[in-house]
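What follows is a set of notes on a single structure, which appears directly below.
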Amino acid sequence: DTEVTQTPKHLVMGMTNKKSLKCEQHMGHRAMYWYKQKAKKPPELMFVYSYEKLSINESVPSRFSPECPNSSLLNLHLHALQPEDSALYLCASSQGDLLSTDTQYFGPGTRLTVL
Amino acid sequence: AQSVTQLDSQVPVFEEAPVELRCNYSSSVSVYLFWYVQYPNQGLQLLLKYLSGSTLVKGINGFEAEFNKSQTSFHLRKPSVHISDTAEYFCAVKLSSNTGKLIFGQGTTLQVKP
C-alpha cells in the first residue's frame, strides 16, 4: 500500500480563521513532508519531519505551523493566512533517514482558498 | 547551484504517436533522478526513478527514461500515447547529500489530442 491520505480535500477560510490540514500514511515511513503548489508551478518544499522531529523549515512564515504527533500523522495548522496563500497543499512521505535514494510518495492534496 | 530544466512547457501530440519529454539537470555532485506525473486536481504519482545501474529505466504506464550522464539529461519517452496520458509531468533530482530535498523542474504539460 503506497497511499498517503489528506483531509480535507477542499478548504475555504477567511483571513482571521484558524484551520488545520491533516495527512496520514500507514506505510511505516518515518519522514513526512509538506509542499505548497501554486497553479501551473512545481511543488515548493515547506517542511520536513524525520522521526517526528522537524528537520527542514524552508523559511516558511509563522502563520503556517507544522506538527507531527506520531510517525503516521502530520498536521499543518493555519492561522491569519493571506489570499496569496491559496494553493494546493501536498503531503508526502518516505522512509525516515532522508536518504537521497528514498522515494517520496505524495497524497492527493488539499485545495486551500483564502478569502 | 543545482537546477532542473524541462525544456518544453507544453507538448501537444496526437493519440498513438510517440512522445519525448526533455529534462536536463546541472549538478557537480551525484544525483538521483525522478519523473512524477500529476493528473488534473490530483497529487503527484511516481512514474519512474534512476538511482544506479542500467541507464534505461522502465516505469509505469509504458513510460521509460534514459539517464545520460555526459549530457546531464533524463528524458522521458513513450512509444504510443493515450488520451489518458494528458497530465503535467515533473522531472526532479535529489543530490547525494541526503537532505531528502527534491529539486523540481518547472513541469511539462502533455496534451494528447484524438
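The values are calculated or read from the model by the stated rules, or taken from the named source; none is laboratory data. Treat the numbers as computed from the prediction; the structure is a model and nothing was measured. For neighbour counting, all protein chains shown are included, and Cβ atoms are generated from backbone atoms with ideal geometry for every residue, glycine included. Accessible surface is based on the protein model in full, side chains and every heavy atom, while ligands, DNA and RNA are left aside. Shrake-Rupley method; radii C 1.70, N 1.55, O 1.52, S 1.80 Å.
What number comes out for accessible area per residue over the stretch A:35-115 if the probe is 1.4 Å? Units Å², please. All intermediate terms of the calculation are to be shown ahead of the outcome.
Working: 3420 Å² over 81 residues.
Result: 42 Å² per residue.
Once you have the alpha carbon radius of gyration of the stretch B:55-114, what is it after dividing by 2.2 N^0.38 Å, with N set to its residue count?
That ratio works out to 1.29.
Would you grab the residues whose amide H sits under 5 Å from the one on A:Val12? Only those 5+ places off in sequence or on another chain, please, with H modelled 1.01 Å from N.
Result for A:Val12 returns A:Thr113.
Would you calculate the volume per residue, in Å³, of the smallest convex hull containing every Cα atom of the protein assembly as shown?
Dividing the Cα hull volume of the protein assembly as shown by its residue count gives 123 Å³.
Provide the per-residue ³J(HN,Hα) series for the stretch B:84-96, in order, calculated from phi with Karplus coefficients 6.51, -1.76, 1.60 and θ = phi - 60°, each as a whole number of Hz, with x at glycine and proline positions.
For the stretch B:84-96, the Karplus curve yields 5, 7, 4, 4, 9, 10, 10, 8, 8, 10, 10, 7, 7 Hz.
Counting only other chains, what is the mean number of Cβ atoms within 10 angstrom of the Cβ of each residue in peptide A:92-105?
Per residue, the number of nearby Cβ atoms from other chains is 5 on average.
Before we go on, tell me the buried accessible area for the B/A pair, both chains summed, 1.4 Å probe, in Å² to the nearest 100.
1900
Using only the Cα atoms of chain B, what do you get for the radius of gyration and for Dmax, in Å?
Final numbers for Rg and Dmax: 13.6, 44 Å.
What part of the accessible area of chain B, given as a whole %, is carbon or sulfur when the probe is 1.4 angstrom?
Taking all protein chains in place, chain B shows 49 percent carbon and sulfur surface.
For the stretch A:10-51, what % of the accessible area comes from carbon and sulfur atoms, probe 1.4 Å?
51
Where Rh is the Kirkwood radius over the Cα pairs of chain A, the temperature 37 °C and the viscosity 0.692 mPa s, what D in µm²/s does Stokes-Einstein return? Please list the in-between numbers first.
Working: Rh = 14.1 Å.
The estimated diffusion coefficient comes to 234 µm²/s.
So for the pair B:Ala17, B:Thr109, with labels modelled 7 Å out along Cα→Cβ, what separation do we get in nm?
Rounded to a tenth, the inter-label distance reads 1.7 nm.
Placing unit charges on C-beta atoms (Lys and Arg positive, Asp and Glu negative, everything else neutral), compute the dipole magnitude of chain A about its Cα centre in debye, rounded to 20. Provide the component values of the computation, followed by the final result.
Working: 12 positive and 11 negative charges, 98 e Å.
The dipole of chain A has a size of about 480 debye.
Average partner chain C-beta neighbours within 10 Å, per residue of B:24-35? Each step should come with its number before you reach the end.
Numbers: counts 0, 0, 0, 0, 0, 1, 1, 1, 5, 0, 2, 0.
So the per-residue partner count for this stretch is 1.
Determine the per residue accessible area of the stretch B:31-114 with all protein chains present and a 1.4 angstrom probe, expressed in square angstrom.
43
Considering amide H positions built from the backbone, and no H for Pro or chain starts, which residues 5 or more places from B:Thr86, or on another chain, come under 5 Å of its amide H?
Here B:Val112 satisfy the definition.
Within a 10 angstrom radius of each residue's Cβ in A:40-51, how many Cβ atoms of other chains show up on average? Whole number is fine.
Working: counts 5, 4, 15, 9, 1, 6, 0, 0, 3, 1, 1, 0.
Mean inter-chain Cβ contacts per residue within 10 Å come to 4.
List the residues whose amide H sits under 5 Å from the amide H of B:Gln106, counting only those 5 or more places along or on another chain, with H placed 1.01 Å from N in the peptide plane.
Under 5 Å from the amide H of B:Gln106: B:Gln6.
From the phi angles alone, apply the Karplus equation (6.51, -1.76, 1.60; θ = phi - 60°) to the stretch A:38-47 and give each ³J(HN,Hα) in whole Hz, x where the residue is Gly or Pro.
Residue by residue, the stretch A:38-47 yields 8, 4, 6, 10, x, x, 10, 5, 10, 9 Hz.
Just order A:66-78, B:32-44 by mean Cβ neighbour count inside 10 Å, highest at the front, would you?
Working: A:66-78: 17.0, B:32-44: 19.8.
Ranked from most to least packed, the peptides come out as B:32-44, A:66-78.
In sequence order, what are the phi-derived ³J(HN,Hα) couplings for the stretch A:52-58 according to the Karplus relation 6.51 cos²θ - 1.76 cosθ + 1.60 with θ = phi - 60°, rounded to whole Hz, with x for glycine and proline?
6, 10, 5, 9, 9, 10, 7
For the stretch B:1-65 and the stretch A:82-110, what is the separation of their C-alpha centers, rounded to whole Å?
About 18 Å separates the Cα centre of the stretch B:1-65 from the one of the stretch A:82-110.
If I measure Cβ to Cβ between cysteines in chain A, which ones have no partner under 4.7 Å?
A:Cys68, each lacking another Cys Cβ under 4.7 Å.
Quote the FRET efficiency, to the nearest 0.05, computed for A:Thr7 versus A:Leu115 with a Förster distance R0 of 22 Å and r equal to the Cβ-Cβ distance.
0.60
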